[in-house]
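Where a number appears in this text, it was derived from the coordinates with a stated rule and is not lab data. These figures come from a predicted structure and were not determined experimentally. Cβ placement follows ideal geometry from the backbone for every residue including glycine, while neighbour counts extend to all protein chains displayed.
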Amino acid sequence: MLLTAGVVKRSGKVETLLGFDPMLELRGLAADGEHVYWLTEDGCYARPPGGGPTVKLASPKMPTAFAIDSSHLYWADDQGGIDCLPYEGKIWSMPKAGGEPRQLAGRQIMVVALGVDATHAYWMTQAGVLRRAPKQGGKAETLARSGRVGFWPIAVGGGYVFWAWPAGRDDPNRVIYKLAVP
């Protein structure tokens, strides 16, 4: 193994795909067979992994989380912020090929993680509330409440949604939860 600039390399060449403004915080990164997608504070972008033009697909306001599936991009924003009432955060979807963003859920606060399966978008709030909404539109529902505040990573797959309590290194209460979803 070769260690170069903090990257462990087993084989192949480590390449820089692109650089972006260091003042913009990266909020999400995803890839499919055709593009690499990323979300920063000023937009959602796509670029072929082999190189080519970077395309700005959307301009979310204060984005906080990001996910993709085979045909759509999903993101959360926090337009109101934690100190603003009413809560103005929203969950959005948009075709990867372009088009108008569509709101899946509104009145969310501090969405910190987002995932999708074939039928729903799932998100976790900083307050530890797990919610979901149908990707085709419909009412959002609460699936679980943890009672803990933190930045909760989530994953969706195999008929389950998983989330982790990201306790500190010395906290013995680090756990990964799972919930079967129909």
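Between residue 42 and residue 100, what is the spin-label point distance in nm, taking each point 7 Å from the Cα along the Cα→C-beta axis?
Going by the 7 Å Cα→Cβ label model, 2.7 nm.
Which value in Å does the Kirkwood hydrodynamic radius of the stretch 24-149 take, with 1/r averaged over all unlike C-alpha pairs and then inverted?
Radius from the Kirkwood sum: 14.7 Å.
Once the other residues with Cβ under 15 Å from the Cβ of residue 144 are scored (Lys, Arg +1; Asp, Glu -1), what is the net sum?
+4
Contour minus end-to-end for residue 20 and residue 165, with contour as 0.36 nm per residue of separation and end-to-end as the Cα-Cα distance?
49.1 nm
Excluding residue 69 itself, calculate the net charge of residues whose Cβ lies under 10 Å from the Cβ of residue 69, where each Lys or Arg counts +1 and each Asp or Glu counts -1.
Here the count lands on 0.
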